[in-house]
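The values are calculated or read from the model by the stated rules, or taken from the named source; none is laboratory data. Worth saying up front: this structure is predicted, and the values here are computed from it rather than measured. Cβ placement follows ideal geometry from the backbone for every residue including glycine, while neighbour counts extend to all protein chains displayed. Heads up: the accessible areas ignore ligands, DNA and RNA and are worked out on the full protein's heavy atoms, side chains in. Shrake-Rupley method; radii C 1.70, N 1.55, O 1.52, S 1.80 Å.
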Amino acid sequence: GAISMSATAQLLSQDGNISLRAPGNISISYIDADNGGTATAGDVLINAAYTGPATGLVATGSISDVLAAETTNIKGNTLTLTAVTGIGDGGGGADIDTNVVSVTATNTTSGDVYVSEAAAGGAIAITGISNTGGGHVGVTTGNGAITLTAVGSGGSGITNVGGGNVLVGGDLAD
């Protein structure tokens, strides 16, 4: 199965956690775990590598942005992204645009990992990014700081296996 949001769809929570899990592709438009606008935002988990509580599901999914503009896709506290065939894309504004405190992303088989902090001047902490799919990794902000959480402090660094480039900061254009 897959999860597909239209460009006008919104998934909102008033500071509660939001979780999307499927073995297939997950296409997102706008997910807001801080719809109440308070100081306590919920966490967001998007897993396109979900094989379920029982055996039999085969994970083949990617996470993609369906919005044409460079606007926020995900708002919340901690963001966890897991996919098999890519997270975002570096061309044409198809990266996953966030307004979150921290990100952990894992991609396992093929494709890229592209995440951009969309909040102007917004900082983002990278808890860990692992791409063993052979593609590229890109992380940018809208003129804010990017912090990589140290391995000994609960982070796992940025790992990119298979020959792709790693870009932290700068322009995500291919």
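Given a Förster radius of 30 Å and the C-beta distance between residue 153 and residue 8 as r, what FRET efficiency does 1/(1 + (r/R0)^6) yield to the nearest 0.05? Once the sixth-power term is evaluated, E becomes 0.15. Overall, the anisotropy analysis places region 38-115 in the oblate class: the square-rooted eigenvalues a ≥ b ≥ c of its C-alpha gyration tensor yield a/c not less than 1.5, with a/b not exceeding b/c. For residue 66 and residue 109, the FRET efficiency from 1/(1 + (r/R0)^6), where r spans their Cβ atoms and R0 equals 35 Å, is about 0.95. Count the net charge of all other residues whose Cβ sits under 14 Å from the Cβ of residue 69, scoring Lys and Arg as +1 and Asp and Glu as -1. With Lys, Arg at +1 and Asp, Glu at -1, the net is -4.
Overall, the anisotropy analysis places region 113-167 in the oblate class: the square-rooted eigenvalues a ≥ b ≥ c of its C-alpha gyration tensor yield a/c not less than 1.5, with a/b not exceeding b/c.
If R0 is taken as 25 Å, the Cβ-Cβ distance between residue 132 and residue 57 corresponds to a FRET efficiency of 0.75.
Rolling a 1.4 Å probe over the protein heavy atoms of the chain, with every protein chain left in place, gives an accessible area that is 51 percent carbon and sulfur. Residue 5 sits among other residues whose Cβ lies under 13 Å from its own Cβ, and their net charge, with Lys and Arg +1 and Asp and Glu -1, is -2.
Across 70, 117, the residue with the most accessible area heads the list, and the full order at a 1.4 Å probe is 70, 117. With the whole protein complex present, residue 32 retains an accessible surface near 10 Å², based on a 1.4 Å probe.
Here region 1-100 carries DSSP beta bridges of which approximately 0% are antiparallel, counting only pairs with both residues inside.
Over region 19-58, the Kirkwood radius and the radius of gyration, each from Cα atoms, give a ratio Rg/Rh of 1.12. Dipole of the chain computed with +1 at Lys/Arg Cβ and -1 at Asp/Glu Cβ about the Cα centre; of 139, 11, 122, farthest Cα towards the positive end is 11. Going by a ≥ b ≥ c, the root eigenvalues of the Cα gyration tensor, does the chain fall in the rounded group (a/c under 1.5), the prolate group (a/b larger than b/c) or the oblate group? Judged from the Cα gyration tensor, the chain comes out rounded (a/c under 1.5). Reported to the nearest whole Å, the Cα centre-to-centre distance from region 1-59 to region 73-103 is 11. Averaged per residue, region 105-164 has 39 square angstrom of accessible surface, using a 1.4 angstrom probe with ligands and nucleic acids left out.
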